[in-house]
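To start, the structure under review is shown below, and the notes come after it.
The values are calculated or read from the model by the stated rules, or taken from the named source; none is laboratory data. Note that the structure is a prediction, hence the values are computed from the model and not measured. Note that we place each Cβ from the backbone using ideal geometry, even for glycine, and neighbour counts take in every protein chain shown. With ligands, DNA and RNA removed, areas are computed over all heavy atoms of the protein, side chains included. Shrake-Rupley method; radii C 1.70, N 1.55, O 1.52, S 1.80 Å.
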Amino acid sequence: MRLSFVSKEVGNGLRRNFTMTVALIVSVAVSLSLVGAALLLSAQVDRMKGYWYDKIEVSIFLCGDSSVTYTCTGSITIEQRKNVERILDTLDPVQNVFYESSADAYAQFKEQFAGSAILANISPDALPASFRVKLDNPENFEQVASALQSVQGVESIQDQRKLLDRFFQILKGLQSFALAIALAMLFVTVLLVMNTIRVAAFARRRETSIMRSVGASNMSIRLPFILEAAVAAMLGSTLATAGILASKYWLIDARLAPNLTFIPFVTWNEVLVIVPVLYLVGLGTTILAASVTLRRYLKG
Amino acid sequence: MINFDKVSKQYKNSNTPALNEIDLNIEQGEFVFLVGQSGSGKSSLLRLLLKEEKPTSGTVTVDGINVGKLPNRKVPAFRRSMGIVFQDFRLLPGKTVFDNVAFGMEVIGKSKKEIEQRIPAILDLVGLDEKAHRLPSELSGGEQQRVALARAFVNKPKLLLADEPTGNLDPSTSVGIMKLLDRINRTGTTIVMATHDVAIVDQMRKRIVQMENGNIIRDQERGMYGHTGH
Ligand SMILES: Nc1ncnc2c1ncn2[C@@H]1O[C@H](COP(=O)(O)OP(=O)(O)OP(=O)(O)O)[C@@H](O)[C@H]1O
Ligand SMILES: [Mg+2]
């Protein structure tokens, strides 16, 4: 089979089956966009986890004048503070400890909310003193918590990871949702491919039966159909890729990143890695679905 | 060239065999008419030669190849070695005369150059060189059948099978087709043709194999249709 002959047949087939082909392209584009979105979200979550887990600290708030927990009897004493420090020294996961006095906390707060009305309502000693503890791995929080929970002078222990994890859970949920819809759409795409091929095979049954009686091989009889599906899948994948790249360029880079400077966003490298996956999934499912259908409807 | 050895064909959804222990030998270069009533098994015999069907028992040999045992992947190459003509022409409606004949060559991977060289000659042979760029719908039945013949013969097959090629044509047009088949036969191509056409069979004076209910009831050199034992 010569290439020009095959491409002529493919072009004819696509034109004849125009509406079906358009439906197929759109379906591939939509399902792959969703696959791409799910992958993008997962890359984004990974990136944020890496970035923020690195910055996570455990805050050990110390008793102040107004503390009411059973471990507090008024403000923490020097003796109690030394004790807390000693315990922290014995804990393996603790990498470094930073003491922030009530005054430091107020200064920090003043800087962060400079010019805001909140400042007026906060007295300089309202913010508790704390130890900021950095762990080798944020997962080891429990070990620190259990060692310090009932020590005199410690009011409360806060794990920043808990706050993040709730946020990540929401993102994960979103990601699973996108993936579920993507799978459903892929399934629809497979059905659409099967139907398109079935209709095309029926419309061209005369042609294929003539080809067969002239001695065309199964491969050369099926190839135009498979190439037609592949061309449609190619176009669909390209649309989906364009969508993903556009959302990186116009949404993430141009709008989100400048406004949300505290969030690290996926890099171009991480986005570009998704592209071949989209083409592979798009072409793979389509060609597979087409081949299976042809095996049934174009028996040799 | 062709040998049937005790060949039977029993279709699944029928209770009488379409072919019943057929023995038949056809030499290279022969011209054989398959005649007999409707349903006597002529098309079934041709279908076995094409491997469109497999024999239920017995062996069909074509050019040294055991057709029944031919693996599916070798069937296309096997079919390329022969030409086939049907009663309903089976031309591709969207393609011109030239492209329809070219299709037979394209499908087996002939180059554009070979195609452009070969087709004018073959269209000239079938007398359609003037109408190369017409569509099948713009041709008469006889002309369409000549296109089909050109396609079947374009690759110079050793064997040409024809199932009622004149079945849809009037007598004078049929004569034209038969002349063409005779010319093709004289190039050395073996021809097996199933037909009901008494006039043609009588006129051509070729070998006649007559079938009835799946049996060969007469096999006669240079025969006449009417001269049966019945
Ligand atoms: N695909 C099939 N399935 C079941 N039975 C079939 C099939 N094809 C043919 N037959 C039966 O086999 C017998 C022989 O049929 P065949 O087509 O070979 O006859 P024929 O001689 O070509 O007839 P005609 O002159 O009408 O074309 C008939 O009884 C027919 O009904
Ligand atoms: Mg018949």
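Of all accessible surface on the protein assembly as shown at a 1.4 Å probe, what whole percent is carbon and sulfur?
Carbon and sulfur: 56 percent of the exposed surface of the protein assembly as shown.
Report the extension gain between residue B:28 and residue B:182 in nm, rounded to one decimal, defined as 0.36 nm multiplied by the number of residues separating them, less their alpha carbon distance.
54.0 nm
Determine one quarter of the surface area of the Cα convex hull of chain B, which equals its mean projected area, and express it in nm² to one decimal.
12.7 nm²
Report, to one decimal in Å, the Kirkwood hydrodynamic radius for the protein assembly as shown based on all distinct Cα pairs.
About 30.4 Å for the protein assembly as shown.
Would region B:35-107 count as rounded, prolate or oblate if I go by the C-alpha gyration tensor, calling it rounded below 1.5 in a/c and otherwise prolate when a/b exceeds b/c, oblate otherwise?
Oblate shape, in that a/c is at least 1.5 and b/c is the bigger or equal ratio.
Could you state the angle between the C-alpha long axis of helix B:97-106 and the longest principal axis of the C-alpha atoms of chain B, as a value from 0 to 90 degrees rounded to the nearest 10?
The angle comes out near 70 degrees.
Once a ≥ b ≥ c are taken as the square roots of the eigenvalues of the Cα gyration tensor of region A:71-176, is the result rounded (a/c under 1.5), prolate (a/b larger than b/c) or oblate (a/b not larger than b/c)? Numbers along the way, then the final one.
Numbers: a/c = 2.16, a/b = 1.06, b/c = 2.03.
The shape class here is oblate.
Filter the GluC sites (Glu not before Pro) in region B:131-230 to those in DSSP coil with at most 14 other Cβ atoms within 10 Å of their Cβ, and list the result.
Of the GluC sites (Glu not before Pro), the ones in loops of region B:131-230 whose Cβ has at most 14 other Cβ atoms within 10 Å are B:221.
Can you pull the one-decimal nm distance between simple spin-label points at residue A:123 and residue A:202, each 7 Å off the Cα toward Cβ?
Label-label distance for residue A:123 and residue A:202, simple model: 8.4 nm.
Whose amide H sits under 5 Å from the amide H of residue B:85, counting only residues 5 or more places off or on another chain, with H placed in the peptide plane?
For residue B:85, whose amide H was placed from the backbone, the distant partners under 5 Å are B:161, B:162, B:163.
Percent of alpha carbon pairs in region A:1-90 separated by more than 15 Å?
That tail contains 79 percent of the Cα-Cα pairs.
Percent of alpha carbon pairs in region B:76-127 separated by more than 17 Å? List each step's numbers first, then the result.
Values: 556 of 1326 pairs.
Every Cα pair in region B:76-127 considered, those over 17 Å come to 42 percent.
So which residues in region A:200-216 end up with at least 50 square angstrom less accessible surface once the other protein chains are there, compared with the chain by itself, probe 1.4 angstrom?
Listed by number, the residues meeting the 50 Å² cut-off are A:206, A:210, A:213, A:214, A:215.
Need one number: nm distance between label points at residue A:143 and residue B:172, each 7 Å from Cα along Cα→Cβ, rounded to one decimal.
10.7 nm
Would you mind getting me the FRET efficiency between residue A:172 and residue B:70? Use the beta-carbon distance for r and R0 = 60 Å, nearest 0.05.
Result of the calculation: an efficiency of 0.55.
What are the membrane-span-like helices in chain A by this rule: whole DSSP H runs, Cα extent along the axis at least 30 Å, mean Kyte-Doolittle hydropathy at least 0.0?
Flagged H segments are A:18-55, A:160-203, A:218-246, A:268-297.
Work out, step by step, the length gained on full extension between residue B:15 and residue B:140: first 0.36 nm times the residue separation, then minus their alpha carbon distance; give nm to one decimal. Numbers along the way, then the final one.
Values: separation 125, 0.36 × 125 = 45.00 nm, distance 4.02 nm.
Answer, rounded to one decimal: 41.0 nm.
Points 7 angstrom from Cα along the Cβ direction at residue A:263 and residue B:8: gap in nanometres?
7.9 nm
Rounded to the nearest 100 Å², what is the buried accessible area between A and B, both sides summed, probe 1.4 Å?
For A against B, buried area totals roughly 1700 Å².
Sort out for me the Cα centre separation of region B:185-227 from region A:33-98, rounded to whole Å.
First find each Cα centre; the distance between them is then 100 Å.
Helix-derived [θ] at 222 nm for chain B: sum -39500 (n - 2.57) over DSSP H runs of at least 4, divide by residue count, nearest 500?
Theoretical 222 nm ellipticity from helices: -10000 deg cm²/dmol.
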